[in-house]
Amino acid sequence: MPTDDLADFVRRLPKAELHLHIEGTLEPELMFALARRNGVTIPFASVEAVRAAYDFSRLQDFLDIYYAGAAVLLTRADFHDLALAYFRRLAADGGVHAEIFFDPQTHTHRGVPMAEVMEGLLSAMDAAQAELGVTSRLILCFLRHLDEADAFATLEAARPWLSRLTGVGLDSSELGHPPAKFARVLAAARDLGLKVMVHAGEEGPPAYVWEAVDLIGVDRIDHGNRALEDPALVQRLVADGTTLTVCPLSNLKLCVVPDLASHPLKRMLALGLAATVNSDDPAYFGGYLLENYVRTAEALGLTRGELVQLARNSFAGSFLPEDEKARWLKKVEAVG
Ligand code: ADE
Ligand code: ZN
């Protein structure tokens, strides 16, 4: 399919984004604007210098620069502007629903009150629904390089907004920080009625994915690439129907794959895994949702049928109520 036709087809397919860190949507232009607005100094001379620094060979290279960039986010207006800019891009890509991660510890550790983060994000989510018809859910991520006590304190600090949280996740440096380290706080979150997911198998071994499934009992796996190294694990994920929130351009930029033609997405679908396509940290990885679909489809020769399956998986794996899922799935079939 020529690229224009492909992009057109994917744009018309209704899609949900299930793996998106809102701090990872901070474009260099907005970083500079917020630095000026807040009187914060950033270690870059220009937007071009920021983009030139986005050259990563592993997850930690990216995380160092991503946490540094977040220093410009101070007020609820900053979080609102950041999130609304993302929702506008999602709508332009034909995205209709997003379940967004945020990393409160990145902000509270700098002295930003939880209320500034929560109220800014929630007001943007409300505005996205009113102005764009885009629905969303909010997922609080614990930083796994910190300890579990800090995660418990974060969960406690978020309690006033519990009714507006859908789930909790686990992100940041994977290697050396297995899901088991957070088993108690994730169980506590589940007891509060929250969904639970963890980043696993991005850089970490299949054993971390097993832990996520067996010990934590996750509702979704974020990434999951390395599960393919273990056939018994694949069988288990297929049998459970566990959604994998896969991020092809992120995998490329963080050298999880050497090139997009080697990306396992097509293989995941062929194995019967409930894989989805997502953008992770699009301001850092060079493409939002549509570009992740299109570039991966071109590199792997994905068929229209496979693209429809990916869109279907995105709603089936979402935390939307069953009637809304069914409504979107019908719309996907109408385009496909
Ligand atoms: N935080 C933001 N993006 C992440 C990723 N891809 N893996 C782990 N932590 C993250
Ligand atoms: Zn992620």
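The values are calculated or read from the model by the stated rules, or taken from the named source; none is laboratory data. Here the structure is a predicted model, which means the values were calculated and not measured. Virtual Cβ from ideal backbone geometry, glycine too; neighbours counted across all protein chains shown. Ligands, DNA and RNA are excluded from the accessible area calculation, which covers all protein heavy atoms including side chains. Shrake-Rupley method; radii C 1.70, N 1.55, O 1.52, S 1.80 Å.
Within region 294-325, can you find the residues that are open to solvent by 30 Å² or more (accessible area, probe 1.4 Å), in a helix (DSSP H, G or I) and under 23 Å from Leu194 (Cα atoms)?
Those that are open to solvent by 30 Å² or more (accessible area, probe 1.4 Å), in a helix (DSSP H, G or I) and under 23 Å from Leu194 (Cα atoms): Ala316, Glu322, Asp323, Glu324.
Just to be sure I understand, how many residues within region 26-47 are within 16 Å of ligand 1 (Cβ to nearest atom) and open to solvent by 10 Å² or more (accessible area, probe 1.4 Å)?
1
Specify the residue that is most open to solvent (accessible area, probe 1.4 Å); the eligible residues are those in region 125-140 that are of a type in the set (A, V, I, L, M, F, W, C) and in contact with a helix residue (DSSP H, G or I) (Cβ under 8 Å, 6 or more places away or on another chain). Show your work before the answer.
So in region 125-140, the residues of a type in the set (A, V, I, L, M, F, W, C) come out as 125, 127-128, 130, 132, 134, 138-140.
From the residues that got through so far, the ones that are in contact with a helix residue (DSSP H, G or I) (Cβ under 8 Å, 6 or more places away or on another chain) too are 125, 127-128, 132, 134, 138, 140.
On the way: Met125: 13, Ala127: 18, Ala128: 0, Leu132: 64, Val134: 3, Leu138: 0, Leu140: 0 Å².
Result: Leu132.
Across region 110-130, what is the number of residues that are farther than 15 Å from Leu73 by Cβ and of a type in the set (S, T, N, Q)?
Total satisfying the criteria: 1.
A quick yes/no check of all residues on (1) among the aromatic types (Phe, Trp, Tyr); (2) more than 24 Å from Leu143 (Cα to Cα):
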{"residue": "Phe32", "(1), (2)": "yes, yes"}
{"residue": "Phe44", "(1), (2)": "yes, yes"}
{"residue": "Arg51", "(1), (2)": "no, yes"}
{"residue": "Ile65", "(1), (2)": "no, no"}
{"residue": "Ala71", "(1), (2)": "no, no"}
{"residue": "Ala91", "(1), (2)": "no, yes"}
{"residue": "Asp103", "(1), (2)": "no, no"}
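In region 269-293, what residues are assigned to a helix (DSSP H, G or I), crowded, with 24+ Cβ neighbours inside 10 Å and of a type in the set (A, V, I, L, M)? Even if it seems obvious, please write down each step before you answer.
Just the residues of region 269-293 that are assigned to a helix (DSSP H, G or I), to begin with: 269-270, 282-285, 289-293.
Subsequent filtering for residues that are crowded, with 24+ Cβ neighbours inside 10 Å retains 282-284, 289, 292-293.
Hits for region 269-293 are Ala283, Leu289.
Mind listing whichever residues of region 54-69 are among the small types (Gly, Ala, Ser), more than 17 Å from Leu249 (Cα to Cα) and surrounded by fewer than 19 Cβ atoms within 10 Å (Cβ to Cβ)?
Selection gives Ala68 alone.
Trp328 is checked against (1) buried (at least 21 other Cβ atoms within 10 Å of the Cβ); (2) closer than 29 Å to Ser172 by Cβ; (3) of a type in the set (Phe, Trp, Tyr) and fails just one. What number does that condition carry?
Of the numbered conditions (1) buried (at least 21 other Cβ atoms within 10 Å of the Cβ); (2) closer than 29 Å to Ser172 by Cβ; (3) of a type in the set (Phe, Trp, Tyr), the odd one out for Trp328 is (2).
Please specify each residue of region 4-25 satisfying the condition of being assigned to a helix (DSSP H, G or I) and more than 16 Å from ligand 1 (Cβ to nearest atom).
Selection gives Asp4, Asp5, Leu6, Ala7, Asp8, Phe9, Val10, Arg11, Arg12.
In this structure, is Ala151 modelled with pLDDT of 95 or more and more than 16 Å from ligand 1 (Cβ to nearest atom)?
Spelling it out, it is not the case that Ala151 is modelled with pLDDT of 95 or more and more than 16 Å from ligand 1 (Cβ to nearest atom).
Six or more apart or on different chains, Cβ atoms under 6 Å: show the pairs whose first residue is in region 91-113 and free of Cβ contacts under 8 Å to residues at least 40 places away in the same chain and whose second is open to solvent by less than 10 Å² (accessible area, probe 1.4 Å).
From region 91-113, the pairs are His107/Val117.
Of everything in region 77-124, what is assigned to a helix (DSSP H, G or I), among the charged types (D, E, K, R) and crowded, with 21+ Cβ neighbours inside 10 Å? Give them in sequence order.
Listed by number, the list holds a single entry, Asp78.
Restricting attention to region 246-268, and to residues there that are within 15 Å of ligand 2 (Cβ to nearest atom) and within 16 Å of Pro206 (Cα to Cα), which single residue is least open to solvent (accessible area, probe 1.4 Å)?
My answer is Val246.
Could you tell me whether region 129-136 includes any residue that is within 22 Å of Gly217 (Cβ to Cβ), in contact with a Phe, Trp or Tyr (Cβ under 8 Å, 6 or more places away or on another chain) and not in a helix (DSSP H, G or I)?
no
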